[in-house]
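Here is the structure we will look at.
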Amino acid sequence: MSAKKRLLIVYHTQSGNTGRLAEAVLAGARRTAETETVMLRAFDAGTDDLLACDGLLLGTPENFGYMSGALKDFFDRTYYPCEGKTTGLPFAVFISAGNDGTGAVREIGRIANGYGWRAINEALIVRKEITAADLESAAELGEAMASGLSMGIF
């Protein structure tokens, strides 16, 4: 029997909105028992965590049309140590946006491109207040990623 696939959720939250989305993503991912899911705040995640995962979900608030400084810091700390070692890694993004969220998605995509990662889903962008439907969408994102990893789709 092969080892469980590992899903890593890296997020940052300031107001708590992205944290609520991250908790929903985690709950959804944990519906798939065949995948081990680890969730870390961006400042606590590092090179070893990234190298040990088979899939990655990134969550951030939109700050001034960009990702949070904490998520950018995660990228800054892991890029060169992981360069060429995570090519093809499946990933997806969830954003809590006060504006439209597209700037954060675009810039994360540019950085992910540099790592050679593969987007497996459109970004989940939640604008303004988080609704029950938004939390369900976040849970579905987590479950889809965990299931896809366990079935070898990603």
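The values are calculated or read from the model by the stated rules, or taken from the named source; none is laboratory data. Keep in mind that this is a model prediction, so the values were computed, not measured. FYI the Cβ positions are ideal-geometry reconstructions off the backbone, even for glycines, and counts take in every protein chain you see. Quick note on the areas: whole protein, heavy atoms, side chains included, nothing else; ligands and nucleic acids left out. Shrake-Rupley method; radii C 1.70, N 1.55, O 1.52, S 1.80 Å.
Yes or no, residue by residue, for (1) in a loop (DSSP other than H, G, I, E, B); (2) surrounded by 15 or more Cβ atoms within 10 Å (Cβ to Cβ); (3) touching a residue at least 40 places away in the same chain (Cβ under 8 Å); (4) not acidic (Asp, Glu):
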residue: Asp100; (1), (2), (3), (4): yes, no, no, no
residue: Arg110; (1), (2), (3), (4): no, no, no, yes
residue: Ile130; (1), (2), (3), (4): yes, yes, yes, yes
residue: Met145; (1), (2), (3), (4): no, yes, yes, yes
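Would it be correct to say that Gly65 is on the phi > 0 side of the Ramachandran plot and at pLDDT below 95?
When the stated conditions are applied, Gly65 passes them.
Name every residue in the range 53-71 that is closer than 13 Å to Trp117 by Cβ and open to solvent by less than 20 Å² (accessible area, probe 1.4 Å), in order of residue number.
Result: Cys53, Gly55, Leu56, Leu57, Leu58.
Identify, please: which residue in the range 1-52 is over 20 Å from Ala133 (Cα atoms), in a loop (DSSP other than H, G, I, E, B) and free of Cβ contacts under 8 Å to residues at least 24 places away in the same chain and is, among those, most open to solvent (accessible area, probe 1.4 Å)?
Selected residue: Met1.
Could you tell me how many of the residues in the range 89-124 are of a type in the set (Ser, Thr, Tyr) and touching a Ser or Thr at 6+ places or on another chain (Cβ under 6 Å)?
Here the count works out to 2.
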